[in-house]
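Below is one structure, written out as structure tokens; the observations come after it.
Rule-based calculations on the coordinates, nothing more; no lab input. Note that this is a predicted model, so its numbers are computed, not measured. Note: ideal-geometry Cβ built from the backbone for every residue, glycine included; neighbour counts use all protein chains shown.
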Amino acid sequence: MLLGLDGHEGAIHLPAIETRYLDAAVDLNGVDLIVFTSKHAVFALDRLGGDWKSREICSIGSATSRVIASLGAKVAFEASRSDSDSFADEIAHRYKTSSVLYPRAREVAGNLEAIVREAGVSVHSVVLYETLCRTIAASDLPPRAALIFSAPSVAECFFAQSLWRDEFAAIAIGERTAKAIRRYAPCHVSPKPNIESAIEFAKVAF
């Protein structure tokens, strides 16, 4: 069972969060580079208009890159790992003299902005969306299940509702999500940090 915002082929989907886009003033003057750490940041910026597609663009992973491409923009650099802190290190190394715009959620799991700024890169963040918890009914959960958590925020929303049972098996999409889960329960980590890998792992291991 996949817990998250979006469903995926091969798994039963249980929505645990929802995204609310926010209105904000975004000044693209002087911006050389835009850094996206989720597809929702792309949608959030695009809905506000502006000539963002003409800027150099960095993406945290293939899912985000696909959304960027579908909107007619090009990705100049894609992170080697789907982790915001390591992504920040790569940006700081490659774009030392750039002026960076970082569209983001109200709450973020990593320290991208601080890491990039500490490296001497000019970076400005703007909050364009927020993640909200959805109520999950205990009856929506089968007696035994492998639960795939797609993000740290999903784990926080799930465990805040006291839904965990010992017969469940938790699977995290990556180490940052695993850290959030382990505050409440043991978990396994997907061999690769993507939904497809987590689903296949769940089928084989459980």
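When you restrict to C-alpha pairs under 8 Å that are six or more residues apart and normalise by the size of the chain, the relative contact order lands at 20 percent. Ranked by the mean number of other Cβ atoms within 10 Å of their residues, highest first, the peptides 136-142, 87-93, 34-40 fall in the order 34-40, 87-93, 136-142. At a Förster radius of 25 Å, what calculated FRET efficiency corresponds to the Cβ-Cβ distance of ASN29 and LYS192, to the nearest 0.05? So the FRET efficiency works out to roughly 0.05. Counting only Cβ charges, +1 for Lys and Arg and -1 for Asp and Glu, the dipole size of the range 116-193 around its Cα centre is about 140 debye.
In this rough spin-label picture, where each label sits 7 Å from Cα along the Cβ direction, the LYS179-GLN161 distance is 2.5 nm. Helices in the chain, meaning DSSP H runs of at least 4 residues, each add -39500 (n - 2.57). Divided by all residues, the mean residue ellipticity at 222 nm is -8500 deg cm²/dmol.
Only Lys, Arg, Asp and Glu carry charge here, each on its Cβ (+1 for the first two, -1 for the last two); on that basis the range 35-81 has a dipole of about 100 debye about its Cα centre.
Across the range 147-178, the residues whose backbone nitrogen lies under 19 Å from the label position 7 Å along the beta-carbon direction of LYS203 are 147-150, 169-173. Taking ARG183, ARG117, ARG81 as the candidate residues, the one with maximal mean-square fluctuation in a Gaussian network model of the chain, Cα springs under 10 Å, is ARG183.
Computed from the C-beta positions of ILE136 and LYS96, the FRET efficiency with R₀ = 30 Å rounds to 0.10.
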